[in-house]
Amino acid sequence: MPFRSWTTERCDISAGKNQVARRRLIVKMDDMILISADDHVIEPPDLFKGRVPAKYADFAPQVVTYTNGEQRWVFEGQPLIMVASSAVAGRKREELAAEASRFSELRSGYYDVDARVEDMNANGVLSSLNFPSLPGFAGELFLRGQDKNCMLALLQAYNDWHLEHWCGSHPGRFIPLAILPLWDPDDAAAEIRRVARKGARSVCLPENPSALGLPSVHRDHWSPVLEACVEENIVVQIHIGTAGPIAFPSPDSPADWMTSMLNIQVAGSLVDWTYSPMVRRYPELRFAMSEGCIGWVPFIMERADAAYRNHRFWTKQELGDLMPSDIMRRQFLFCFHEDNVGLKNRHDLGVDLIAWECDFPHADSTWPRSPELLWEQMKDFPREEIDLITHENVMRFFSFDPFEHIPREQATVGALRAKATHVKVEPQSLGGGRMPDLDKELNVLTARAMMELQERMNDGLVPVS
């Protein structure tokens, strides 16, 4: 289905003869239909088995078990930091920093697609878009690889696994996403067309390509990629954490600074893309700003407009008849998991531009109480606005229709949860890996302590023979 302007009739996908009658119903929490615009998959150890050409099979990432009991993904001979970074949803809050050091410390719904669907049912979530973990949200791991022909083969094997196995196992439950060979725009454009034929609805690009040594978003380098996205009706995802480690103000800064500031890092990416000539060249191109929250967006729109009015005469910026906020409203979708301020100011942003997300299985995830938390924020909204934010905006933006596979009456929070009464949702104690030490003087977890732990992570690792 070709992209339609936000000014057209809302959510043509879900319109039907019963639409008007349905909107007159009194809403209760169990009537909501939830589609999460941002979750994450933890890759199983056998992901690459049988999917990589024989000449590259030995170069595929593999899980290695060490004598101390830890398991790590190993890539090009080097162990990665953790087997599943930040995969902690469902743990007791006191253990959120004790990330899993082996698969036995993971909830099976993180990496097993059948168990994932049961966890989604328990949370009342109909459908979900899942970002990668092992290769990075935008495939940054393969960008670092030495043999680019090999990296392309590994990347395509990953995409095939995600599209055919993870998404293909349960039609209607997942919005298919792919990663790209970022080092070659022509190869990336070809991959977009290949995965589009397999059903992909989106691809992920780094929030700041320059931080990864790639040309900026203002250069023609990206033109083949963006043109292919427009031609194939593919959404560009911009996810936080895809431009390398976040820069703390100082080594003494507490970890709380990172957890407080991480989401709004995407604001810089939004403004950078807004002023990119690539975006003006492709006005039908769509971006989803993932895990960035929304409360700051109305201010950024206002500030960018004021800056453009006041300074474009000497900066030589020229947007024609448009203001920066016009471009943001025309081409961007903004995703949140907990953001009461943003929801209160939803009309300043645009209700058509907001999508809910769960962020499962990361530490910020609202699983398994997403409906309760979301309902508390939205229970007084009109039914039309609830539907837009919980699922209709995502359906239209991604041209995704779960109701082709799942009847609407079986898609509500109440109906899904009724199928998952056997799923354990109580907080669990699962154990975990090495914990950073508190700063002895400040008595809190600091950036310095986190960096010191990262430097020690590979100390004493001896593979089991």
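FYI, it's all coordinate maths here, none of it is from the lab. None of the values given here were measured: they were computed from a predicted structure. Note: ideal-geometry Cβ built from the backbone for every residue, glycine included; neighbour counts use all protein chains shown.
Descriptive notes on the structure:
- Within the range 36-95, GluC sites (Glu not before Pro) in DSSP loop having at most 16 other beta-carbon neighbours inside 10 Å: GLU76
- Among the listed values (1) 24, 59, 18, 0; (2) 18, 33, 25, 21, 3; (3) 22, 47, 26, 5, 0, the one computed from these coordinates for P(r) over Cα pairs in 20 Å bins from 0, in percent is (1).
- Extension gain (nm, one decimal) between HIS165 and ALA267, 0.36 nm per residue minus Cα-Cα: 33.3 nm
- Ordering TYR56, TYR158 by the number of other Cβ atoms within 10 Å of each residue's own Cβ, fewest first, gives TYR56, TYR158.
- Taking other Cβ atoms within 10 Å as a rough exposure proxy, TRP222, TRP314 sort from fewest to most as TRP314, TRP222.
- Full-extension gain in nm, TRP314 to ASN458, via 0.36 nm per residue minus C-alpha separation: 46.7 nm
- Centre separation in Å (Cα based) which lies between the range 96-119 and the range 363-404: 24
- Rounded to the nearest 500, the 222 nm mean residue ellipticity of the chain from helices alone is -8500 deg cm²/dmol, with -39,500 (n - 2.57) taken per DSSP H run of at least 4 residues.
- Placing unit charges on the Cβ atoms of the charged side chains and taking the dipole of the range 248-309 about its Cα centre, the candidate lying farthest along the positive direction among TYR308, ALA288, VAL271 is TYR308.
- Dipole of the range 298-447 [Lys/Arg +1, Asp/Glu -1 at C-beta], most positive-end residue of THR366, ASN393, THR446: THR446
- Given charges at beta-carbon only (K, R positive; D, E negative), |dipole| of the chain in Debye: 840
- Burial ordering of TYR308, TYR111, fewest other beta-carbon atoms within 10 Å first: TYR308, TYR111
- Only one residue of ASN159, VAL63, LEU80 has its Cα farthest out toward the positive end of the dipole of the chain, where Lys and Arg carry +1 and Asp and Glu -1 on Cβ, and that residue is ASN159.
- Centre-to-centre, using Cα atoms only, the range 177-193 and the range 34-93 are separated by 22 Å.
- Gain upon complete extension [ARG219, ASN443; 0.36 nm per residue less C-alpha separation]: 76.0 nm
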